[in-house]
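Since every read-out is calculated from the coordinates, none of them should be taken as a lab result. Just so it is clear, the model here is predicted, and its values are computed rather than measured. Using ideal geometry, Cβ is built from the backbone for each residue, glycine included, and neighbour counts are taken over all protein chains shown.
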Amino acid sequence: MGKMGPIGGQGEKGESGLTGPSGLRGKPGTTCDCGRYRKVVGQLHISVGRLEKSAKFVKNVLLGLRETEERYYLLVKEPRAFREAQVNCGLRGGSLATPQTREANLLLADYLSHAGRTRVFIGPQTQRTETREEEKVSSDSGPPGALEAWGPDRGPSTAANSSSCTELLATGSWGHAACDLAMFYI
């Protein structure tokens, strides 16, 4: 016999063999004791509800936050001028409150009343340009929003100086405030 030659290519697959005999019958499976799991899930729902209540208590009572579906509001009890308030809000990761809806405005007014305050700075600001036209500016660099809650004879056209900041009164109406005045803010 001589040397072995190189390995050849793989051939075609052969036909399947005969089916073998069936195996032994296995033990029946266990039935689900769903009542026990339902009880555990129910207890989890109760625990989650308690945690949510605790978190809401911490946010609302201890931290003093108020919330809507989209935003959190904090009444800062350190009187500052408007620009300083804007900077401080930015350092905290937010901006001065600019209520976008009537409900948010009422929430902030209620927040103010419960805190025993009569007025605070909020975000909208009115500035007169060189052409004496008024321009509304929001503190968050976005559009000032469609909501305007100016009190009687307190609208943007009644501003006495070239730059007027907005205050929220405990009644829910807005008014003008001197920007260099030190006030609490939301």
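Using only C-alpha atoms and all pairs of different ones, pull out the Kirkwood radius for region 1-100 in Å with one decimal.
Hydrodynamic radius (Kirkwood, Cα only) of region 1-100 equals 22.5 Å.
Which of the lysines could a cross-linker span from residue 59 if the Cα-Cα distance has to be under 29 Å and same-chain partners fewer than 8 positions apart are dropped?
Cα-Cα hits under 29 Å: 77.
Which of the peptides 77-84, 17-24, 105-112 is most tightly packed, and how do the rest follow, going by the mean number of other Cβ atoms within 10 Å of each residue?
Sorting 77-84, 17-24, 105-112 by mean packing, highest first, produces 105-112, 77-84, 17-24.
Treating only the Cβ atoms of Lys and Arg (+1) and Asp and Glu (-1) as charged, compute the dipole magnitude of region 24-100 about its Cα centre; round to the nearest 20 debye.
Magnitude of the dipole: close to 480 debye.
For region 1-46, state what percent of all Cα-Cα pairs lands in each successive 5 Å bin, counting from 0 Å until the bin that includes the largest distance.
4, 11, 6, 8, 7, 7, 7, 7, 7, 7, 7, 7, 5, 4, 3, 2, 0
In region 7-69, which trypsin sites (Lys or Arg not before Pro) fall in coil by DSSP and have 16 or fewer other Cβ atoms within 10 Å?
13, 25
What does the charge add up to near residue 46, with Lys and Arg as +1, Asp and Glu as -1, over the other residues with Cβ less than 14 Å from its Cβ?
+3
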